[in-house]
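**Student:** Here you go, one structure.
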Amino acid sequence: MLTMTEIIQESPAYMATDHLITENGWTQEEIDFRLERAAEIMQPSAREDGSVPVFGDQDYPLLSEMTLGDYLRFQTEIDPDHEFMVYPDRDLRWTYAEFNERSDLLARGMLYIGMRPGDHLGVWARNIPDWVTFMYACAKIGVVMVTMNPVFKSNELDYVLKQSDMKALCIIDQYRDIDYKGIIRDLVPESLTQQRGYLNTEEYPFLKNLIYMGPEKHRGFYSVPELLLLGEYVDAEELDKVTRSFDNNDCCMMQYTSGTTGFPKGVMLTHRNILNDGFFIGEGMKLTPNDRVCLPVPYFHCFGCVLGIMAILTHRCTIVGIEDFDAEMVLRAIDREKATAVYGVPTMYIAELNHPDFDKYDMSSLRTGIMAGSPCPPATMQEVIDKMNMRDITICYGLTETSPVFTQTSADDDIEHKCETVGRAHPPVEVRVLDVNDGHICGPGEHGELCCKGYNVMKGYYKMPEETAKAIDEEGYLHSGDMGTIDEEGYFRVTGRIKDMIIRGGENIYPLEVENFLLTMPGVLDAQVVGCPDEKYGEVVTAFIRTREGYEDMTQDGSVLVVDMAFQSLRTNETAEEYAEYAAQFAALDTDEGEPRDVTCFQDEDYTQNLSYPVYIVWYTTGSGEDQREWMGFTVDTDDY
């Protein structure tokens, strides 16, 4: 049986000892000390037969029971001079030691102004470097960080301030056309007249502190330099005392989901949730301390702060930060910093691949990354692998309530599995597909709701016990609300949201399945499928299609605009001609010129064979060329598709 040190040494995701020797000049004795220290928390316990679990085994252990702050200190102790974060657009570079010291000092400054374990601090900002500093500073003193979408408007900020019981709010000056300070002055006019740190407002009784995330001074706000200075007046021993007053099962982050029941819900995530989820995500990508991960995805979302920042921390990688997504800025950062990984949703990768200067930048350093958010067309995935060198790219699936990832493709999976599935369950998580009618466990290929149980399930929705009870059943399974299947090899497929499922004449149709097939059609760049009311069938299936450049002739009149396509699945014996007459009721609307749209209908043999029922496609002209078209009584803005 291997010793603990030998096991750690054999795992490149933990140590990469060659890297430590060559870059730091440490002696073997110094390395051995750090390996033994790492083994205290990283060693998978041996089974009774002496074997040790490996990644992928169901009994593979969690990484750590540490808090985020303690784990940052641990990684800093192992390799203090390793780069933690770089921002190539401003030449900012922080080592693990420098960042750990900065977050310690900021945490002490927050203690000075009265922040205590259990308090809530909101961060309303784009991906600036100190977004990450506040994340760790909060974690070190038990303060719950409330992540906030940078595009929040006044009414959304008002709701979160009240619902979250926020005690402190950190902001930047503005984002796009949103004036953050102006909104704060409107909502909290007392900030102009009352002493900072002692806000007293009837609308927001918990709110006491406003913090500006920059060097400038604004009335009623603390600045970051001021907090760092105030931190000098709080003893390090006081910070240590506070750190020992909570543990990894306490909430460290609250993220607001989009409101599916009328209002957004605050998802409470613990240190244990996100630290370990980040670890398993990184394992799926085979991350090591040699990896430099470019993060153009938003930090306020789990994609940035867990799939990104937590995976990086647990594998001692380097963050290559991007403040706001710009395709060329991402390409330049990859080239300049020799990034080995980059994250994004499919549209981000498409923007990067289609940038006119793409060939000017060197992508040869890339190896892996994550694509998530929506299904990726196979052609795009192949381009990412071939042109961006991302042979080990992975696909992740989950939701905020599950910290967020619970299934993932591996770096070694083939392109079919990366495009058609969301991978297999993370080792310590139980995932089931449950029938939505009677709750039985579905077999391979049988549609049901994806549910999971394990360390990654949220603590609950803040101040919403009834909603929490609806989401987590008596057995502890979190119900995702997503429909999906599992195959014989354990790969999961997501077929759509339960609420999005279209019931046409008693037949269940899953929009995502239809969208995936449409994306195989030459010239189709994007597809969105929805159900529309229908007197005969209850609902009919409608798809909105965006064409690729060079395929404008897919429309009847050669319009460059988005093509609207009515996509109908029928189990009747209607002919294409009969269906064309039926579809014309909706498609042949008058144009601005007073002429009806031309309607062409045909049965598509390939789609009919693949979907196992007759598929009729209706194309019709856009007529006037306006950017908005009416369809079955509602307006569609083509910019949204």
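The values are calculated or read from the model by the stated rules, or taken from the named source; none is laboratory data. This structure is a prediction, so every number in the text was calculated from the model and none was measured. Ideal geometry is used to build each Cβ from the backbone, glycine not excepted, and the neighbour counts take in all protein chains shown. Surface areas here come from the heavy atoms of the whole protein model, side chains and all, with no ligands, DNA or RNA. Shrake-Rupley method; radii C 1.70, N 1.55, O 1.52, S 1.80 Å.
**Student:** So if I restrict to the alpha-carbon atoms in the stretch 72-165, what is the Rg, and what is Dmax, the biggest pairwise distance, in Å?
**Tutor:** Gyration radius and largest Cα-Cα distance of the stretch 72-165: 14.9, 46 Å.
**Student:** Sticking with this structure for a sec: Quick one: length gained pulling residue 176 to residue 551 fully straight, 0.36 nm per residue minus the C-alpha distance?
**Tutor:** Values: separation 375, 0.36 × 375 = 135.00 nm, distance 3.26 nm.
Result for the pair: 131.7 nm of gain on full extension.
**Student:** Could I ask something else about it? At 0.36 nm per residue, minus the direct Cα-Cα distance, what do residue 101 and residue 193 gain on full extension? Give it in nm, one decimal, please.
**Tutor:** Details: separation 92, 0.36 × 92 = 33.12 nm, distance 3.42 nm.
Here the answer is 29.7 nm.
**Student:** If we count every other residue with Cβ under 11 angstrom of residue 482's Cβ, Lys/Arg +1 and Asp/Glu -1, where does the sum land?
**Tutor:** Net of charged neighbours comes to +1.
**Student:** Ordered by residue, what ³J(HN,Hα) values in Hz, to whole numbers, does the stretch 85-93 give under the Karplus form 6.51 cos²θ - 1.76 cosθ + 1.60, where θ = phi - 60° and Gly and Pro are x?
**Tutor:** Values per residue, Gly and Pro as x: 8, 9, 10, x, 6, 10, 6, 8, 9 Hz.
**Student:** Calculate I(q)/I(0) for the stretch 405-554 by the Debye formula, one identical point scatterer on each C-alpha and no solvent, and give its log10 at q = 0.10, 0.20 Å⁻¹ to two decimals.
**Tutor:** Each listed q corresponds, in turn, to -0.45, -1.26.
**Student:** In the stretch 296-357, what percent of the accessible surface is made up of carbon and sulfur (1.4 Å probe, ligands and nucleic acids excluded)?
**Tutor:** C and S atoms contribute 56 percent here.
**Student:** Calculate, for the stretch 137-255, the solvent-accessible area per residue in square angstrom, rolling a 1.4 angstrom probe over the heavy atoms of the protein chains.
**Tutor:** That works out to 45 Å² per residue.
**Student:** Taking all protein chains in place and a 1.4 Å probe, what share, in percent, of the accessible surface of the stretch 370-501 do carbon and sulfur account for?
**Tutor:** Ligands and nucleic acids excluded, carbon and sulfur give 48 percent.
**Student:** If one puts a single equal scatterer on every Cα of the stretch 367-492 and applies the Debye formula without solvent, what log₁₀ I(q)/I(0) results at q = 0.14, 0.15, 0.21 Å⁻¹?
**Tutor:** -0.64, -0.72, -1.17
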